[in-house]
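First comes the structure, then the notes that go with it.
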Amino acid sequence: MAILILEVECIHKLMDDGTLGPEKVVHGYPEGAKINFVTWSHDGRNLSFSVRVEEEDNKISKLRVWIADVESGEARPLFKSPDIYLNAIFDSFVWVDNSTLLVCTIPVSRGALPQKPSVPSGPKIQSNETKNVVQVRTFQDLLKDEYDADLFDYYATSQLMLVSLDGTVKPMGPPAVYTSIDPSPDDKYLMLSSIHRPYSYIVPCGRFPKRVELWTADGKFIRELCDLPLAEDIPIATSSVRKGKRSIYWRPDKPSTLYWVETQDGGDAKVEVSPRDIVYMENAEPINGEQPEILHKLDLRYGGISWCDESLALVYESWYKTRKTRTWVVAPDKKDVSPCILFDRSSEDVYSDPGSPMLRRTAMGTYVIAKVNKQDESTYLLLNGMGATPEGNVPFLDLFDINTGSKERIWESDKEKYFETVVALMSDKIDGDLPLDQLKILTSKESKTENTQYYLQIWPEKKQVQITNFPHPYPQLASLYKEMIRYQRKDGVQLTAKLYLPPGYDQSKDGPLPCLVWSYPGEFKSKDAAGQVRGSPNEFSGIGATSPLLWLARGFAILSGPTIPIVGEGDVEANDSYVEQLVTSAEAAVEEVVRRGVVHPDKIAVGGHSYGAFMTANLLAHAPHLFCCGIARSGAYNRTLTPFGFQNEDRTLWEATNTYVEMSPFMSANKIKRPILLIHGEQDNNSGTLTMQSDRFFNALKGHGVQSRLVILPFESHGYSARESIMHVLWESDRWLQKYCVNGTSKADSETAADGESKTLAASGGGAAPEGLSSDGFSSIPRSLL
């Protein structure tokens, strides 16, 4: 076994006793190079990865494929020619066997970038004279015209190249927009997926016409598996899918057997039919015209398969509307064995989740369900689960008898101080069943104050060997206070949240703190499921680049992820009471932290991203008594601009007009009296959250004299990537919180002030910070976080 640690560009071999072998530095690639797409050869002797470097004028070079010898650590370019570049728009490269890769390259004949016509050749025309019913979500980043289509072809078209480690290169097939390249487990065949014209201006490229072909590994075309037409008409109802063959994959337990699923309801979730989906199997090259074989018929929507061998596979199906999920046991190659249901439960009920089967690596480099030998007649699987409980998650590993349903817990996370999880099965060097007394698993371990480390657990003694010793990523916040708190909504629904307090905070000395509440609503079919505890009080607090936890260094209390369940039991639609449930959930959270005495009732800000931004605007409109200001990032605020559904709402605007209007904070802009900061990426690609949503909402707010600010980040999408953008988001957010939360007028004062009146506020300096923390900007925050 070997572990690659990219941060220091070195390789360690993981020894049988769990210790790390000598460090081997990967060397030979350009200094300062950026590395991506790291993959292992099947035998573990070589690494492949992409390299790009900065060239003159601060331009980034095109991607090149490199390989490294694991034994020596020496790296070199895969292609001898300097004119062959990687095209990673969709797929990138894959190991066909231990000495050959299939690479998506930029065609050498690509030529110059298409130029936009100075004069349009004619009008843009879309027509529905055939009266087709085509309802689509509000997709972003779509092709707008023929010039866009030409650009898409220019950048996305690849020439496939078969290249050996000795540098031998062979072009394979014609240039095309390849989206997936997938070798068969026995390395004899290649399944190639591509998209082609006619393109669409109303749906993303994943719905363009799709062709799937079968080739030999040495580059000979065999046959076409399917050519799916443009899919503009997939119904908007949740659980609706594309017509025709979908989810086409290789069986990982067979050399070259394909499987896929086909819908029987036309892809429309609103159509009642039995079966709804059928799963098929077929050899790569059928003999004597044999037809595809039916593996299983499903009445819910297909959700995937975990393969084991000819006598065992687990088939999953689910239905979002009812949250029902089933797991079937099937014997793929034994026709005399009838399928049976193994688990039948609600996907919302995390307390009843039995876990997922652990997978083991085969000699072919694929992954199948691991069978465990306990020296008796039964067939045992290893079920790895998160172990949700009313006290928080306690991950586990169960030895599960698939014949009787009995189980034995052979490993469980520490409950008192640590949060541990099973990461991977490591004892997969032999074929066949794994002896229980030779079991090895990789686990992670963390606590509220200790960052994640990795361990090897070795049976039968269950010896634990620590593999990593990563330093704390932000020691300035190592002693922060974290507690999973529980409270109740007035309708009886149990709620939870994670309360963070700054390091060194002393309630008796520092008193109540300003607070930032950051959340994201969720939908449920039952109050019981909505009230179940998710997460662990012992998890390490990861802090991302724009995480609300950064404001711990500014003396804020942070209420992270307070559950805001929007419940619709039975046939009731959850969103019909969205505002009411949103407000009562927020009221319960605020009342709890104020009751504890750690939060100042007049200095509570609320924020969120995407649907959390939508939540933020609604709370400022409908719960002005709770919050002093808000931060809304990349949100949608006018649901009439997403008329064919949003989030998990699959009714149209015309079917649920009142709900769309009442949920839209845009329609309640005149009710917002609290300052709100809107931040949005200029090129948001997320369905529904087009940048125009923030533009128009800001205009509505400004038209009613609301204290507001709109920040549009250039070149950014739904999330923000550039260092400049992240730093500016932090600056804007901190300025807003200091001005309107820490130093702002009280909520009572602002309620009596005239709408739109400018108020003289204290300069945006630091808030009161507990002892040991800086209050002058973000100087106490590690630069690595910024």
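The values are calculated or read from the model by the stated rules, or taken from the named source; none is laboratory data. Fair warning: this is a prediction, and the values are worked out from it, not measured in the lab. When we count neighbours, we look across all protein chains shown, and the Cβ atoms used for this are built from the backbone with ideal geometry, even at glycine. These area figures cover heavy atoms from the full protein model, side chains too; ligands, DNA and RNA do not enter into them. Shrake-Rupley method; radii C 1.70, N 1.55, O 1.52, S 1.80 Å.
Search the range 651-664 for residues that are touching a residue at least 12 places away in the same chain (Cβ under 8 Å) and pair each with any residue that is open to solvent by less than 60 Å² (accessible area, probe 1.4 Å) and of a type in the set (Asp, Glu) when their beta-carbon atoms are under 9 Å apart and the residues are at least 6 apart or on different chains. Filtered contacts from the range 651-664: Arg651/Glu573; Ala656/Glu573; Ala656/Glu649; Thr659/Glu573; Thr659/Glu649; Tyr660/Glu649; Met663/Glu649.
Out of curiosity, is Glu416 acidic (Asp, Glu), closer than 30 Å to Leu499 by Cβ and open to solvent by less than 80 Å² (accessible area, probe 1.4 Å)? No; evaluated as a whole, the condition is false for this residue. Here Lys170 fulfils each of the conditions (1) outside any loop (DSSP other than H, G, I, E, B); (2) open to solvent by less than 30 Å² (accessible area, probe 1.4 Å) apart from (2).
Looking at the range 603-612, is at least one residue open to solvent by 20 Å² or more (accessible area, probe 1.4 Å), touching a strand residue (DSSP E or B) at 6+ places or on another chain (Cβ under 9 Å) and of a type in the set (Val, Ile, Thr)? Within the range 603-612, none of the residues are open to solvent by 20 Å² or more (accessible area, probe 1.4 Å), touching a strand residue (DSSP E or B) at 6+ places or on another chain (Cβ under 9 Å) and of a type in the set (Val, Ile, Thr). Scanning the range 504-522 for residues that are in contact with an Asp or Glu (Cβ under 9 Å, 6 or more places away or on another chain) and either acidic (Asp, Glu) or part of a loop (DSSP other than H, G, I, E, B) (or both) returns Gly504, Tyr505, Asp506, Asp510. Taking the range 677-700 as the range and being open to solvent by less than 40 Å² (accessible area, probe 1.4 Å), part of a loop (DSSP other than H, G, I, E, B) and not hydroxyl-bearing (Ser, Thr, Tyr) as the test, the residues that pass are Asp684, Gly688, Leu690.
Could you check the range 475-489 and list, in sequence order, the residues that are in a loop (DSSP other than H, G, I, E, B), open to solvent by 20 Å² or more (accessible area, probe 1.4 Å) and in contact with a Ser or Thr (Cβ under 6 Å, 6 or more places away or on another chain)? Outline the logic, then answer.
Let us first name the residues in the range 475-489 that are in a loop (DSSP other than H, G, I, E, B), namely 478-480, 489.
Checking the rest, the ones that are also open to solvent by 20 Å² or more (accessible area, probe 1.4 Å) come to 478-479.
The one that is in a loop (DSSP other than H, G, I, E, B), open to solvent by 20 Å² or more (accessible area, probe 1.4 Å) and in contact with a Ser or Thr (Cβ under 6 Å, 6 or more places away or on another chain): Ala478.
Considering the conditions (1) without any contact (Cβ under 8 Å) to a residue 40 or more places away in the chain; (2) surrounded by 15 or more Cβ atoms within 10 Å (Cβ to Cβ), Asn403 is excluded by exactly one of them, (2).
Just for the range 84-108: of the residues that are touching a residue at least 24 places away in the same chain (Cβ under 8 Å) and of a type in the set (Ser, Thr, Tyr), which one is nearest to Ala237 (Cα to Cα)? Working first, answer last.
Filtering the range 84-108 down to residues touching a residue at least 24 places away in the same chain (Cβ under 8 Å) leaves 84, 86-108.
Retained after the next criterion (residues that are of a type in the set (Ser, Thr, Tyr)): 92, 99-100, 105.
On the way: Ser92: 33, Ser99: 46, Thr100: 44, Thr105: 38 Å.
Only one residue fits best here, namely Ser92.
In the range 217-229, of all residues being of a type outside the set (Asp, Glu) and surrounded by fewer than 17 Cβ atoms within 10 Å (Cβ to Cβ), the one that is farthest from Gln291 (Cα to Cα) corresponds to Gly219.
Being open to solvent by 70 Å² or more (accessible area, probe 1.4 Å), under 18 Å from Ala424 (Cβ atoms) and out of contact with any Cys (no Cβ under 6 Å at 6 or more places or on another chain), is that true of even one residue in the range 29-49? Talk me through it step by step, then tell me what you get.
Kept after step one, since they are open to solvent by 70 Å² or more (accessible area, probe 1.4 Å), are these residues of the range 29-49: 31, 34, 37, 40, 45.
Filter again for under 18 Å from Ala424 (Cβ atoms), leaving 40.
Next, only the ones that are out of contact with any Cys (no Cβ under 6 Å at 6 or more places or on another chain) stay: 40.
Yes.
Looking at the range 493-509, which of its residues are in contact with a strand residue (DSSP E or B) (Cβ under 9 Å, 6 or more places away or on another chain) and either open to solvent by 50 Å² or more (accessible area, probe 1.4 Å) or not β-branched (Val, Ile, Thr) (or both)? The answer is Gln494, Leu495, Ala497, Lys498, Leu499, Tyr500, Leu501, Pro502, Pro503, Tyr505, Gln507.
Of Val212, Val203, which residue is of a type in the set (Val, Ile, Thr) and not in a loop (DSSP other than H, G, I, E, B)? Steps first, answer last, please.
Details: Val203 fails: not in a loop (DSSP other than H, G, I, E, B).
None of the other options fit; the residue is Val212.
Go through the range 122-154 residue by residue and tally those that are under 32 Å from the mean Cα position of the chain (by Cα) and either within 30 Å of Gly635 (Cβ to Cβ) or among the aliphatic types (A, V, I, L, M) (or both). Going through the range 122-154 one residue at a time, the tally reaches 17. For the range 102-118, the tally of residues that are open to solvent by 60 Å² or more (accessible area, probe 1.4 Å) and of a type outside the set (Lys, Arg) stands at 7. Summed over the range 146-163, the residues that are assigned to a helix (DSSP H, G or I) and either of a type outside the set (Phe, Trp, Tyr) or more than 15 Å from Lys124 (Cβ to Cβ) (or both) give a count of 10.
Among the residues of the range 230-247, those that are assigned to a strand (DSSP E or B) and surrounded by 17 or more Cβ atoms within 10 Å (Cβ to Cβ) comprise Lys245, Arg246.
Tally time: how many residues in the range 316-341 are of a type in the set (D, E, K, R) and in contact with a Leu (Cβ under 8 Å, 6 or more places away or on another chain)?
Matching residues across the range 316-341 total 3.
In the set (1) open to solvent by 60 Å² or more (accessible area, probe 1.4 Å); (2) assigned to a loop (DSSP other than H, G, I, E, B), the condition left unmet by Glu348 is number (1). Taken together, the residues in the range 342-395 that are touching a Leu at 6+ places or on another chain (Cβ under 8 Å), polar (S, T, N, Q) and at pLDDT 95 or above amount to 2. Considering only residues that are part of a loop (DSSP other than H, G, I, E, B) and among the acidic types (Asp, Glu), look in the range 369-423 and name the one that is nearest to Leu495 (Cα to Cα). By that ranking, first place goes to Glu391.
Here's the yes/no breakdown for (1) open to solvent by less than 30 Å² (accessible area, probe 1.4 Å); (2) free of Cβ contacts under 8 Å to residues at least 40 places away in the same chain:
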site	(1), (2)
Pro255	no, no
Gly267	yes, yes
Glu272	no, yes
Asp277	yes, no
Glu282	yes, yes
Gly289	no, yes
Leu298	yes, yes
Asp309	no, no
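Here Trp459 passes the criteria (1) surrounded by 14 or more Cβ atoms within 10 Å (Cβ to Cβ); (2) in contact (Cβ under 8 Å) with a residue 60 or more places away in the chain; (3) more than 29 Å from the chain's Cα centre (by Cα) except the one numbered (2).
Okay, residues lined up against (1) buried (at least 17 other Cβ atoms within 10 Å of the Cβ); (2) in a loop (DSSP other than H, G, I, E, B); (3) in contact (Cβ under 8 Å) with a residue 40 or more places away in the chain:
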residue	(1), (2), (3)
Gln464	no, no, no
Pro473	no, yes, yes
Asp491	no, yes, yes
Ser541	yes, yes, yes
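Residues that are loosely packed, with under 10 Cβ neighbours inside 10 Å and in contact (Cβ under 8 Å) with a residue 40 or more places away in the chain within the range 127-142 comprise Asn132, Val133, listed in sequence order. Scanning the range 1-29 for residues that are modelled with pLDDT of 90 or more, of a type outside the set (A, V, I, L, M) and outside any strand (DSSP E or B) yields a count of 2.
Can you find a residue in the range 577-585 that is of a type in the set (Ser, Thr, Tyr) and assigned to a loop (DSSP other than H, G, I, E, B)? Looking for residues that are of a type in the set (Ser, Thr, Tyr) and assigned to a loop (DSSP other than H, G, I, E, B), one finds none in the range 577-585, hence no.
Apart from one condition, Thr468 fits all of (1) among the hydroxyl-bearing types (Ser, Thr, Tyr); (2) assigned to a strand (DSSP E or B); (3) over 25 Å from Thr379 (Cα atoms); the exception is (2).
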